[in-house]
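Bear in mind these aren't lab numbers, they're just calculated from the coordinates by the rules spelled out. Because the structure is predicted, anything quoted here is derived from the model rather than measured.
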Amino acid sequence: MRTAAWLVVVLGLAVGLAAPPARADEAAFTVTIVKATNDGDSIDPALEQFAGLLKNRGYTNFTKIGTVAFALKEKETRKFGVAGNVSAEIEYLNEVNNRVAFKCRVFEGGRKALEVSYSIPRGGKTMVVFRGQVAYMLIIEIR
Amino acid sequence: MDRKTLIEIEMGRYVDGEMSPHERAALEKRLAAEPELRRLADELAALRPRVAEAMRAAAGSIEGERIWRNVAERIAARPSALETFLDGFRLFFQRRVAVGIAATAIVLVAALLVVNALVRHGPPVIGTASAETEVTIEYGDNPDVVATVDQDTKAGIVIVSVDGIDLSEVD
């Protein structure tokens with residue numbers, strides 16, 4: 001009986017350490033930047049997990065440009081380059097009822113071209129596609 | 001002024017009671033002595049009330065005529081009820097037309113602004129993009145940028161597609 005009680009405590013601690021509760025004032029973002037063209041017909045193996053998402057977007061060839069991962073506290077922002085003089089910025093606003101509110105701003109040079117406000121359940125993801133002859137895609141995952 | 005006229009004036013003053021007691025006493029002394037003068041005074045005295053009445057009537061007539069002319073002029077100058085109604089209607093109509101023109105102009109300007117915004121940016125994308133994700137788009141300085149929101153139901157995510165951004169690589 002005593003051994004069983006200890007087992008429960010140890011199992012509880014193990015589960016707790018493996019999945020620490022997310023801090024309410026912080027959100028982790030992983031942004032995968034993808035270049036899409038119609039030159040060829042292949043998907044970068046590094047993008048295999050997103051294959052279903054990338055297909056049927058009007059492009060046939062997908063290359064992973066890079067990944068940007070960061071955690072933000074409320075009102076914090078992180079800026080990163082996309083392509084050419086285009087950059088993007090993510091600002092974490094807050095979390096309400098397990099929904100993460102954040103903004104993704106897109107800049108051309110110093111000028112703001114677009115601002116997208118999201119409210120997404122923690123653990124979800126979204127995608128921004130900059131279309132053109134060559135397209136760039138931002139796959140944003142929120143944890 | 002001849003003597004006869006002077007006498008008539010003096011007799012008129014006597015009949016009208018405008019003489020001083022002294023003048024009156026002197027004249028009555030003459031009237032007693034001169035029957036012709038007495039007769040003239042009597043005639044004047046008999047005529048005086050009728051002359052005064054005639055003068056009053058004439059004055060009244062003149063005044064009345066003036067008053068009636070005034071009234072007639074005012075009546076003529078005053079618009080009729082129909083004219084007043086028509087004037088009011090014209091004023092009301094003119095005001096309504098002015099307000100209508102102004103309102104139409106405002107609506108047209110607003111419509112032009114909306115059409116311009118739609119032509120530049122496409123319909124605004126605001127609200128719930130899926131049951132899970134809410135997306136709101138705000139445009140920045142580049143009027144060529146147009147964004148649309150789609151939902152990939154299979155992947156279960158919302159995709160924002162953006163056109164009009166120059167992504168050419170800088171060498």
> Which cross-chain or sequence-distant (5 or more) residues have an amide H under 5 Å from the amide H of A:GLY66, H modelled 1.01 Å from N in plane?
Replying inline: A:ILE33
>> Using the Karplus curve 6.51 cos²θ - 1.76 cosθ + 1.60 with θ = phi - 60°, what ³J(HN,Hα) values do you get for each residue of region A:106-112, in whole Hz, with x for Gly and Pro?
In response: 10, 10, 10, x, x, 8, 6
>> From the phi angles alone, apply the Karplus equation (6.51, -1.76, 1.60; θ = phi - 60°) to region B:137-145 and give each ³J(HN,Hα) in whole Hz, x where the residue is Gly or Pro.
In response: 9, 10, 8, x, 7, 8, x, 7, 6
> Roughly how compact is region B:3-77, stated as its Cα Rg over 2.2 N^0.38 Å to two decimals?
Replying inline: 1.70
> Can you give the Rg to Rh ratio of region A:51-143, both from alpha-carbon atoms, with Rh computed by the Kirkwood formula?
Replying inline: 0.97
> Taking amide hydrogens as modeled 1.01 Å from N in the peptide plane, which residues meet the under 5 Å criterion relative to A:GLY124, leaving out close sequence neighbours?
Replying inline: A:ILE142
